[in-house]
Each structure stands twice: as structure tokens, then as C-alpha cells.
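Below: the structure, in C-alpha cells.
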Amino acid sequence: MPTRSEREYYAKGFQDGAKWLEDNLPKPRDPLRGGRVVATYGSNKPKRKLSAWNKFVKANSKKKEFRYANGKLKLKKMGIAFRKKKRR
């Protein structure tokens with residue numbers, strides 16, 4: 001059975017659909033913080049620096065030589081290429 005806010009959404013005839021529903025759904029609450037609303041958008045923490053391996057995977061993951069036909073990565077082949085690149 002739809003909740004009250006969903007019924008109101010449907011009663012409006014889908015005008016401003018997803019935005020209206022998003023604005024009117026209850027916000028998640030954190031019991032450890034006295035029931036205050038938890039911010040769900042981006043945090044203020046700085047991004048972590050990528051390791052050399054992560055940078056290599058990010059740069060080469062789209063290349064055809066490192067992908068199987070079904071789209072999975074050939075990690076073993078990437079590892080070998082990464083070690084060869086590091087040796088130079």
C-alpha cells in the first residue's frame with residue numbers, strides 16, 4: 001500500500017514528479033546524534049590519493065587488450081603490464 005506522500009504524488013498527476021517526491025519523503029535520522037537529520041550529500045573529507053596501481057587501472061581499464069569480451073577486466077594481464085611499466 002502506498003504511503004501518504006506517494007498518494008499525494010500520484011494525486012498531483014506526476015507534476016514535478018521525482019523532485020516533489022524526493023522533497024517530501026522523510027529524511028534519514030541518526031539515533032546516535034539525538035535524532036537529527038543525517039546529511040546525505042557530499043562530505044567535507046578530502047579525497048584520498050590514488051596508489052600507482054589504482055592510477056594504472058583507471059588509465060587502462062577501457063583499453064581493449066585488458067578486457068574480456070563480456071566486459072570484465074583481465075587483472076592478471078594488467079598486473080604483468082604494471083610490473084613491466086614499473087621496472088622501466
**Prompt:** Spin-label point model (7 Å from Cα, Cβ direction): what's the Lys86 to Tyr68 distance in nm?
**Reply:** 2.5 nm
**Request:** Scan around Arg67 for amide H atoms under 5 Å from its own, H built in the peptide plane at 1.01 Å from N, and keep only partners 5 or more places away or cross-chain.
**Result:** Lys74
**Fill in**
In the structure shown, of Lys45/Lys74; Lys45/Lys84; Lys49/Lys84; Lys58/Lys84; Lys45/Lys77; Lys45/Lys72, the pairs separated by more than 27 angstrom at the C-alpha atoms are Lys45/Lys74; Lys45/Lys84; Lys45/Lys77; Lys45/Lys72
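Where a number appears in this text, it was derived from the coordinates with a stated rule and is not lab data. Owing to the predicted nature of the structure, the values given are computational and were not obtained by experimental measurement. Positions of Cβ are generated from backbone atoms using ideal geometry, with glycine treated the same way; all protein chains shown enter the neighbour counts.
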